[in-house]
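Okay, structure first, notes after.
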């Protein structure tokens, strides 16, 4: 029994005329008769009562017509969706990302995907840094944005762009681009320096290079929360420039010489064309 035989059956069940059906399905009447007979023989069910003048569905034929009509419709929809996926236009992909790109790069990226791949469903997750590699290799995510390159023989990475890290201070704070003295006396609201994340490592390196032992009063990995606390005058922080797009009130960003990168990571030898297209769109946004 083939899908094509079922489709022939459904057209004949509707037309109840071999000649008309043969014309609609573009085969000869004799070929149609053989296909229907082969279907009946395999199922060991009589589907039609027929004589020289009339074709009529049996009760078993009516039952299968009702069942198969919906299943073939669903089957055709699945095939159309599979073709879209093959062409890179639809499906579902999972993306993990660091919170620092949520205000600038990520919205632009999602807007481009929405405009160019409108049928694509996207699942977003913000894990801790160490999980990006594991999630990719376990097929729990398809694309991982990260601040450092994932070094694994089974993962491809591409640097998208670099941006400065910034001192984040309340407006009218004494610190400015020309005066960064006395940082050791400031109260810092930053990621925990004991962590093994890339950004924590970058902060440790920056403080060490500048001979500063920071007075950390609040530890947090949530940039939005940190900016809100800085705006209330509770302390200062260091964050990537991307957070400036949050447009928080009573906050100023002072760019430092240190830069931080953004990478896109995906599995090597990826067969899903949708993922390949999404990677290309991310490179396009990164260049801009």
ask   = Just for the chain, what percent of DSSP beta bridges are antiparallel, to the closest 5?
value = 65 percent
request  = Could you check which residue among 197, 92, 21 shows the biggest mean-square fluctuation in a GNM of the chain with a 10 Å Cα cutoff?
outcome  = 21
query = When the chain is treated as a GNM, springs tying every alpha-carbon pair under 10 Å, which of 232, 277, 52 comes out with the largest mean-square fluctuation?
reply = 52
ask   = For 147, 80, 53, what ranking results if the residue with the fewest other Cβ atoms within 10 Å of its Cβ goes first?
value = 53, 80, 147
Ranking of 266, 68 by count of other Cβ atoms within 10 Å, fewest first = 68, 266
query = Using the alpha carbon gyration tensor of segment 162-260, what are the three equivalent-ellipsoid semi-axes (square root of 5 times each eigenvalue), largest first, in whole Å?
reply = 18, 15, 14
note = Between the Cα axis of helix 105-116 and the main Cα principal axis of the chain, the angle (0 to 90°, nearest 10) is 20 degrees
request  = Hey, could you get me the Stokes-Einstein D for segment 66-175, Kirkwood radius over alpha-carbon pairs, 20 °C and 1.002 mPa s, rounded to whole µm² s⁻¹?
outcome  = 125 µm²/s
Choice from 219, 163, 49 showing the highest fluctuation, given a GNM over the chain with Cα pairs closer than 10 Å = 49
request  = Report, to the nearest 10°, how far helix 273-287 tilts away from the longest principal axis of the Cα atoms in the chain, using its own Cα long axis and a range of 0 to 90°.
outcome  = 30 degrees
query = When the Cα centres of segment 134-194 and segment 245-273 are compared, how far apart do they sit, in Å?
reply = 8 Å
query = segment 3-87: percent of C-alpha pairs farther apart than 17 Å?
reply = 49 percent
message = Suppose the chain between residue 1 and residue 86 were pulled fully straight at 0.36 nm per residue; how much longer would it get relative to their current alpha carbon spacing?
response = 27.9 nm
inquiry  = Using Cβ counts within 10 Å as a stand-in for footprinting exposure, how do 100, 231 rank, fewest first?
reply    = 231, 100
note = Dividing the helical contributions, -39500 (n - 2.57) per DSSP H run of n ≥ 4, by the residues of the chain yields a 222 nm value, nearest 500 deg cm²/dmol, of -13500 deg cm²/dmol
message = Which residues among segment 164-196 fall inside the zone where the amide N is under 13 Å from a point 7 Å beyond the Cα of residue 257, along Cα→Cβ?
response = none
key: Spherically averaged projected area in nm², based on the convex hull that wraps the Cα atoms of the chain   = 21.8 nm²
task = Go through 178-184, 234-240 and give me the packing order, highest mean Cβ count within 10 Å leading.
result = 234-240, 178-184
Principal-axis tilt of helix 198-209 within the chain, Cα atoms, nearest 10 degrees = 20 degrees
ask   = If you count the DSSP beta bridges with both ends in segment 162-260, what percent of them are antiparallel, to the nearest 5?
value = 70 percent
ask   = So how much slack lies between residue 213 and residue 272, counting 0.36 nm per residue of separation and subtracting their Cα-Cα distance, in nm?
value = 16.4 nm
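Bear in mind these aren't lab numbers, they're just calculated from the coordinates by the rules spelled out. Predicted model, so just to flag it, every value in this text is computed and none were measured. Using ideal geometry, Cβ is built from the backbone for each residue, glycine included, and neighbour counts are taken over all protein chains shown.
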